[in-house]
Amino acid sequence: MPAKGKHRRPKSHRFARSIAVAATGGVALALPLMGAAEAHAATPAAAHSVAQTVAAPAAAKTYAVKAGDTLSKIADEQNVSGGWKKLYSDNRSVIGGDPSVIRPGLKLTIGQKAAAPATQAAAPKAAAATTTGSGYVLPVQGASIGTAYKTAGAMWSSGYHTGVDFVIPTGTPLKAIAAGTVVSAGLDGAYGNEVVIRHADGKYSQYAHMSSLSVSSGQTVTEGQQIGLSGATGNVTGPHLHFEIRSTPSYGSDMDPVAYLRAHGVSL
Ligand SMILES: [Zn+2]
């Protein structure tokens, strides 16, 4: 059954996508958003070069978290260049998957990017208990990709497939690829039951055609947290996960999801 579903899906999926666009009016939105997508695409590389520049000599200091602290408050008070996101990425191994939860007494390293490898080397046992250690995981385990990103198709209004399809049976647990905040969770036209999550880098992940949702809008999620089960809701002929990475919450701002995951240490 899954093999049959996989083979006939691409055709019907194109059909489904054309309906999705007609229903949401996404075509009109696509052009301005594309511009935004390209502008954002430069961000990760820029962030890395900044981090490397800062890494060199500056002596690191340790900050003990006090009651009432938040990462952004500490970043402001300690003049962390790069703000709370830098603070979080440098201290991710001690903070964990949720940047909004920090315990009083926690020791944060400020002003030294090199802390990350050192921490990883010092805590191999802890790393084994988690996933990739990069802060990112696959949205579904052990699935193969059916229809690839940017597969051309005249029936898609954008001219190509805006995400990737993972071939999985209905009821497969789906995971948040990284920590973030759920910006929408519910029915969305041809996408069926859908979850969209905003991540710390400003990018969004979208999970479509789900059979059930276990998160709601506004909720914070951690890396690898189950957000619901896969399904075949919306306009599909067979169960699969349609997965996108976007630079905005909306259709039309898609980026290459495979490249994005790989850039964050996820192999697929
Ligand atoms: Zn798809």
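The values are calculated or read from the model by the stated rules, or taken from the named source; none is laboratory data. Just so we're clear, the structure is a prediction, and the values are computed from it rather than from any experiment. In this analysis, Cβ positions are derived from the backbone assuming ideal geometry, glycine residues included, and neighbour counts consider all displayed protein chains.
Of all residues in the stretch 218-226, none are out of contact with any Phe, Trp or Tyr (no Cβ under 9 Å at 6 or more places or on another chain) and more than 30 Å from Asp90 (Cβ to Cβ). Just one of the listed residues (Gln120, Gln112, Gln141) is within 15 Å of Gly228 (Cα to Cα), at pLDDT below 95 and surrounded by fewer than 21 Cβ atoms within 10 Å (Cβ to Cβ), and it is Gln141. Checking Gly97, Gly135 one by one, the residue that is surrounded by 13 or more Cβ atoms within 10 Å (Cβ to Cβ), in a loop (DSSP other than H, G, I, E, B) and modelled with pLDDT under 75 is Gly97 and no other.
Exactly one residue out of Leu213, Leu229, Leu241 is within 16 Å of the ligand (Cβ to nearest atom) and modelled with pLDDT of 95 or more: that is Leu241.
Checking Gly153, Gly159 one by one, the residue that is farther than 23 Å from Ala178 by Cβ, exposed (fewer than 14 other Cβ atoms within 10 Å of the Cβ), more than 10 Å from the ligand (Cβ to nearest atom) and modelled with pLDDT under 90 is Gly159 and no other. Restricted to the stretch 181-194, and to residues there that are at positive phi and within 14 Å of the ligand (Cβ to nearest atom), the residue that is surrounded by the most Cβ atoms within 10 Å (Cβ to Cβ) is Gly192.
Inspection of the stretch 164-180 finds no residue satisfying the criterion of being surrounded by fewer than 20 Cβ atoms within 10 Å (Cβ to Cβ), under 13 Å from the mean Cα position of the chain (by Cα) and either modelled with pLDDT of 95 or more or not in a loop (DSSP other than H, G, I, E, B) (or both).
Does Ala190 satisfy being out of contact with any Ser or Thr (no Cβ under 7 Å at 6 or more places or on another chain) and free of Cβ contacts under 8 Å to residues at least 12 places away in the same chain?
For Ala190, the condition - out of contact with any Ser or Thr (no Cβ under 7 Å at 6 or more places or on another chain) and free of Cβ contacts under 8 Å to residues at least 12 places away in the same chain - is not met.
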